[in-house]
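Asks: What follows is a structure written as structure tokens; I'll ask about it next.
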Amino acid sequence: TIGVDYNFSSRTYGFLEYHFSSAGAAQPGDYPDIFENPAIARGGIYLMGRHYLIPAINYQITPLIIASGQILTNLADGSLFAAPQLEYNIAENIYLVAGVYWSLGRRPELRLDEGYFSPMAPRSEFGSYPDLYYTSFRIYF
């Protein structure tokens, strides 16, 4: 992984990273084959592709409210995984957060032939991810 980060202002911070994974597959059709790799089977690596671009930004709307987000883009198949969130500092060391994990990419297609690990053929990495909405309440002590 290589990247740069920059404070655009006292309220805006961003970064851009490029990530390469030699354990990943070069093409979406090869994604099921990588599950035989010990690094992936044991959960040490979770990305299926090889090349990723990751931009992110944090913006302090007020001293107590921060909007942030990042996008994980698979450069080989064009799919992306976005994670915007809004954080409110209720009191010292108490936070309320709301966000979404949003995925965009070509959905898998059904394989009608036999002999495959899975009957679903991936056409993109993040196209098979569901969207997820969440809130969290954190207290630090």
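Asks: For the list (1) at pLDDT below 95; (2) part of a strand (DSSP E or B), I need the number of the one condition that residue 117 fails.
Replies: (2)
Asks: Can you tell me which of 134, 129 is in contact with a strand residue (DSSP E or B) (Cβ under 7 Å, 6 or more places away or on another chain), closer than 29 Å to residue 36 by Cα and either open to solvent by less than 80 Å² (accessible area, probe 1.4 Å) or modelled with pLDDT under 90 (or both)?
Replies: 129
Asks: For the range 75-104: of the residues being outside any strand (DSSP E or B) and small (Gly, Ala, Ser), which is surrounded by the most Cβ atoms within 10 Å (Cβ to Cβ)?
Replies: Only one residue tops the list, namely 79.
Asks: How many residues does the range 64-78 hold that are farther than 15 Å from residue 97 by Cα and modelled with pLDDT of 95 or more?
Replies: Count: 6.
Asks: Just checking, does the range 38-48 include any residue being within 13 Å of the chain's Cα centre (by Cα) and assigned to a strand (DSSP E or B)?
Replies: Checked the range 38-48: no residue is within 13 Å of the chain's Cα centre (by Cα) and assigned to a strand (DSSP E or B).
Asks: Go over the candidates 72, 64, 53 one by one and state the one that is closer than 15 Å to residue 104 by Cα, in contact with a strand residue (DSSP E or B) (Cβ under 6 Å, 6 or more places away or on another chain) and open to solvent by 50 Å² or more (accessible area, probe 1.4 Å).
Replies: 53
Asks: Say we look at the range 1-37 and pick out the residues that are open to solvent by 40 Å² or more (accessible area, probe 1.4 Å) and β-branched (Val, Ile, Thr); which of these is farthest from the chain's Cα centre (by Cα)?
Replies: By that ranking, first place goes to 4.
The values are calculated or read from the model by the stated rules, or taken from the named source; none is laboratory data. Because the structure is a prediction, the values reported are computed rather than measured. Using ideal geometry, Cβ is built from the backbone for each residue, glycine included, and neighbour counts are taken over all protein chains shown. Side chains are part of the model used for accessible areas, which takes the heavy atoms of the whole protein and leaves out ligands, DNA and RNA. Shrake-Rupley method; radii C 1.70, N 1.55, O 1.52, S 1.80 Å.
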